[in-house]
Every structure is written in C-alpha cells, then in structure tokens.
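Visitor: Okay, here's the structure, questions in a sec.
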Amino acid sequence: MDLLTLKNVSKFVSIIGIALSLFFLIPIFTGLLYGENITKFLSFDAVFFFVNFFIYILLYKHDMQMRIKGAILSVNFVWVLLGVAGAIPLYQYTDISIYEAFFEAISGFTTTGATIYTDIESLPKMILMHRSLMHWVGGMGIIVLGVGLFSLINPTGSLTMFKAESTGIKLDKITPKIKDTALRLWIIYLVFTFVNIVLLEFGGMSVFDAVNHAFSTISTGGFSTKNSSLGFWEQNYFVLWVSIIFMFLSGVNFLAHLRLLKGDISGYKSEEVKWYFIIFSALGLMLFFYRFFSSNDTIAFSLTHSFLTISSILTTTGFASCDYEKWGGAAIAIVFITMFIGGNAGSTAGGVKVIRHIVLFKNMFIQFKQILHPNAILGIYIDKNRVTGKIFGSVSGFLLLFILTNTFVTLYLHIRGYDTMTSVSTAVACVGNIGPGFSQTGPAENYHFFSSLDKIVLSFAMIIGRLEFYTVMILFSKDFWKRY
C-alpha cells in the first residue's frame, strides 16, 4: 500500500471511528440510567475517540482523493475496526473470550443476529443496548454514514465510496449529491425506528424492550432482550404484527421509501418490490396452511407465527417467535427455501436479494425461447430497462461466489465434526446474514458451542456476506494490488 492510499484509508477510518465512539454514548447513557458501572465502557470509549481524533488531526490537511483501491481497503478495514471496537465492551462486561466477543460484534454490525450468549436476560442493560445499537448502525450501513461525513471533505470521492458498500445490481442516486441521499436515507431510518418504538410500546413492551427491538427490526438484525426472542410475546398479536410489518418494510429498497417523500410511489411499483410481496405472501400462506392443518393451533396463532417466521427469514432478520423446527419436515423445507431469497437491493436485509433471482429466472426463460426461436434477438428487461451483459455477469458471478463461499464454510464445519444440517444451515445463516439455522443452530439454540477457531471463520463469513463477496475477494487478486 502506497503512502497516499494509507493516508486516505487512515483518515476515512478515523472519521468512522469518531462517529462510532459518539454512537457508543447511547449504551453508556443506558448504563448510567439503570445504575450500572459504566467506568470501563466510558474509559474505552474515551480512548477510542481520542485515538481516532488524533489520527484525524494528523491528517486534517490531507486532501483525500479516494479511488477504487482506497475505497475497497477502507470498507474492509472499517469492518475489522467495527468488530474489534464492538467486541471490547462485550469482553469487559460479560464472561466470554475475545474471540466470542468479536463474533458477537461482527454478528451485530453485519445484522446477522447469531449470538453466543446462552442467557441474554442476565446481561447488563447497557450491553443489551450495545448489541442492539450495533445492529442499528450496521443496518443502514456504516459506510453510508461515512458517505455523509466523507463528502463534507471531498464531495467528488463520495460516489466511489458508496459503490464499494452499496448492495444490489445498480446504484440509484435519486438526488444530485450522494451526501444528500445518505442524509435522507438516515432520516427515513430514524422515522421508521421512532414509529416502531412507539407502536411496540403501545402494544405492551417496556420502553427499553421497545427501543432494542425497534433497533433490531429496522436494521433486520434480530438481537433480542429476551432468551425466547419475540416468543416472549407469543400471544401478543399486536406486537408480533407490528414487527412483521416493519421487518417487511425494512426489506424493501429504501430508495423506494425515499421517493415517497417526494410523493412518488413508483418505487413500490418496481418488479422487485412486486415479486418481494408475492414471495412473502406465498411463502407465508404455505407455512400457515401447513401449520394450521397439521396442528391444534388457532387460525390467529398459526397465521401470525407463520408470517412472522417468513418475514424474519426472508428479510434475514432472524427473530423467532416459536421453534419452527418442531413443526415438521415441510415447515423446515419452506423456511430453508426462504433462506436463499433475501430482501430487496438497497434495503437493510441481507441474502441473495430478490432482484438477482428475477434476473436469473428471466434469463432462464430467455434461453428456452432462444431454443425455440434461434434467430430471435432477445433481451432481459427489468422495469422496461434492458439488463446489460455487464450486469448479468455481475449477478452470475455473485451467485457463484455465494455458492462457493457457502460450500467452503459447510465443508469446514462438516470436517470439524458437525452434522450435515448444522453445517449447511449455519453456513447459509452466516453468509446470508440470517442468524438462526437448523439443528444445533436452530431458532431455539445459539452459537456458543462452536470453538474459537470456528467463531473466527464464521465471523469472516458474515463479513464476506455483508460486503457481497466482491469487495473482500478482490483483495486476493494480484491485479488489484499491481494496477491500483
């Protein structure tokens, strides 16, 4: 890495570090509010702030000209920084190893929601808030926050940074400046969070539980303040349906929500949103009918918990209101299929994303037509826009990397001695940032039993999935280091 790139990366990462240290004041204030010992957390946050502030001051006059190499390195360094910074308070206040703390922090910031804690309700309030806050910050994307800060210093470079983190197959700016787009996205994010808090509290949750669950819901994260997750409120249908609705909304492309501010509902009419709704409805109804006709549950109970399960897995949130593994093989199959779909591009959800499935299925039908009409000139269109070969290649490459990464993690876990269902579902749950898998990592279980090495491997699997493969895999390319 040349000196210029090092300065660019260091300055950007220091800005993120400063912002993160300010966010950490929220759990510190929570601890103070509940009479907990905040000394160690406050001391760490102060040191963390001043170290990053010192680096920023040293590079204050440096004019960042972020190019592709700097942007990609910054994204990767930031996620390591998040894992380490988020882990230290967990290590300080709970009886876990530093490897477990790193796993929990990465799970938080990547909004995976996989936890190593066996008794969540025994944790200090500030640590519960810290876990939920990591979700909330990571949900919209720490880099989107960075875009807003970065563009204040160098507006010409912000688009480069946004592309390195943005999800989906294409970036839609909406506003002329990426800084303005990022700011408006955060405003929508805040509004959604506030409304979710108010409705959950109205439904019977305490303020503390409502704030934590809203942070986890809007970010599609899944950390809860209860050992049984949303199952603690299994008979409170109002709370559960509020959670279902906001998980669904958070799985929609936030740029569609942004257009709504201008009175434009066209974002909700896109093919991706339409298919997202169809898939959500179809899978929810399938699970409902299976559960209702194979159990003694009431219609209300079966309908609510079926749709919450599908909403949670489809949006990669990971909340659980029941142990759906006990519902039978068909239920497991429906949930397993749901794990491979994901939410919309541009949402806080992880996974493959609906838009990529649309592109692939349209291409499949195009191939059928091409066989019947070999001389026809056919193309793939999404919302009347032609999908270029470059975009289709990116989608195909993404899916190949998704399969290869899952295969590698599955084989690793299987070699380590875990059963097939645990190995496969855990790989998909971590790479897809979903959280719960099946068998030993099912909705009623946790990740505590994995070894330290396993947790490190799974941590990086979560990061690779969160950054959608290319941003991490490109670091292993010789051309990346030579050319840039």
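The values are calculated or read from the model by the stated rules, or taken from the named source; none is laboratory data. Since the structure is predicted, the reported quantities are computational estimates derived from the model, not experimental observations. All Cβ positions, even for glycine, are placed from backbone atoms using ideal geometry, and neighbour counts span all protein chains on display.
Visitor: Give region 236-277 a look and list any residue that's over 20 Å from the mean Cα position of the chain (by Cα), farther than 18 Å from residue 217 by Cβ and in contact (Cβ under 8 Å) with a residue 40 or more places away in the chain, or say none.
Guide: 259, 261, 270, 271, 275 - these are the residues of region 236-277 that are over 20 Å from the mean Cα position of the chain (by Cα), farther than 18 Å from residue 217 by Cβ and in contact (Cβ under 8 Å) with a residue 40 or more places away in the chain.
Visitor: Just name the residue that is surrounded by the fewest Cβ atoms within 10 Å (Cβ to Cβ) out of those in region 311-355 that are of a type outside the set (D, E, K, R), without any contact (Cβ under 8 Å) to a residue 60 or more places away in the chain and over 25 Å from residue 469 (Cα atoms).
Guide: Top of the filtered list is 329.
Visitor: Consider residue 358 against the criteria (1) surrounded by fewer than 24 Cβ atoms within 10 Å (Cβ to Cβ); (2) farther than 20 Å from residue 268 by Cα; (3) over 17 Å from the mean Cα position of the chain (by Cα): it satisfies all of them except one. Which criterion is unmet?
Guide: The failed condition is (2).
Visitor: Just a yes or no: is a residue in region 435-443 of a type outside the set (A, V, I, L, M, F, W, C), within 19 Å of residue 111 (Cα to Cα) and surrounded by fewer than 24 Cβ atoms within 10 Å (Cβ to Cβ)?
Guide: Yes, some residue in region 435-443 is of a type outside the set (A, V, I, L, M, F, W, C), within 19 Å of residue 111 (Cα to Cα) and surrounded by fewer than 24 Cβ atoms within 10 Å (Cβ to Cβ).
Visitor: Here's something else I'd like to know. In region 227-254, which residues are in a helix (DSSP H, G or I), among the polar types (S, T, N, Q) and in contact with a Gly (Cβ under 8 Å, 6 or more places away or on another chain)?
Guide: 229, 250, listed by residue number.
Visitor: Restricting attention to region 191-249, and to residues there that are within 23 Å of residue 114 (Cα to Cα) and among the acidic types (Asp, Glu), which single residue is surrounded by the most Cβ atoms within 10 Å (Cβ to Cβ)?
Guide: Result: 209.
Visitor: Which of the helices (runs of 4 or more DSSP H) found entirely inside region 1-84 contain at least 2 residues meeting this: under 25 Å from the mean Cα position of the chain (by Cα), under 24 Å from residue 99 (Cα atoms) and not aliphatic (A, V, I, L, M)?
Guide: Counting at least 2 such residues, we get 3-23, 39-58.
Visitor: So which pairs qualify, if the first residue must be in region 472-484 and within 15 Å of residue 77 (Cα to Cα), the second must be modelled with pLDDT of 80 or more, the Cβ gap must be under 6 Å, and the two must be at least 6 apart or on different chains?
Guide: So the pair list comes out as 472/464.
Visitor: Do we find that residue 300 is surrounded by fewer than 22 Cβ atoms within 10 Å (Cβ to Cβ), in contact with a Lys or Arg (Cβ under 8 Å, 6 or more places away or on another chain), in a helix (DSSP H, G or I) and not β-branched (Val, Ile, Thr) in this structure?
Guide: So residue 300 does not fit the description; no.
Visitor: Out of 99, 91, I need the residue that is surrounded by 17 or more Cβ atoms within 10 Å (Cβ to Cβ), without any contact (Cβ under 8 Å) to a residue 12 or more places away in the chain and part of a helix (DSSP H, G or I). Which one?
Guide: On the way: 99 fails: without any contact (Cβ under 8 Å) to a residue 12 or more places away in the chain.
Selected residue: 91, the only one of 99, 91 that is surrounded by 17 or more Cβ atoms within 10 Å (Cβ to Cβ), without any contact (Cβ under 8 Å) to a residue 12 or more places away in the chain and part of a helix (DSSP H, G or I).
Visitor: Check 24, 53, 77, 49 and return the single one that is at negative phi and touching a Ser or Thr at 6+ places or on another chain (Cβ under 7 Å).
Guide: After ruling out the rest, the residue left standing is 49.
Visitor: What helices (runs of 4 or more DSSP H), lying completely within region 407-484, carry at least 2 residues that are within 24 Å of residue 346 (Cα to Cα) and among the aliphatic types (A, V, I, L, M)?
Guide: The qualifying helices (runs of 4 or more DSSP H) are 420-431, 452-466, 470-473.
Visitor: If you scan region 369-393, which residues turn out to be within 35 Å of the chain's Cα centre (by Cα), in a loop (DSSP other than H, G, I, E, B) and either more than 17 Å from residue 358 (Cα to Cα) or among the hydrophobic types (A, V, I, L, M, F, W, C) (or both)?
Guide: Correct list: 380, 387.
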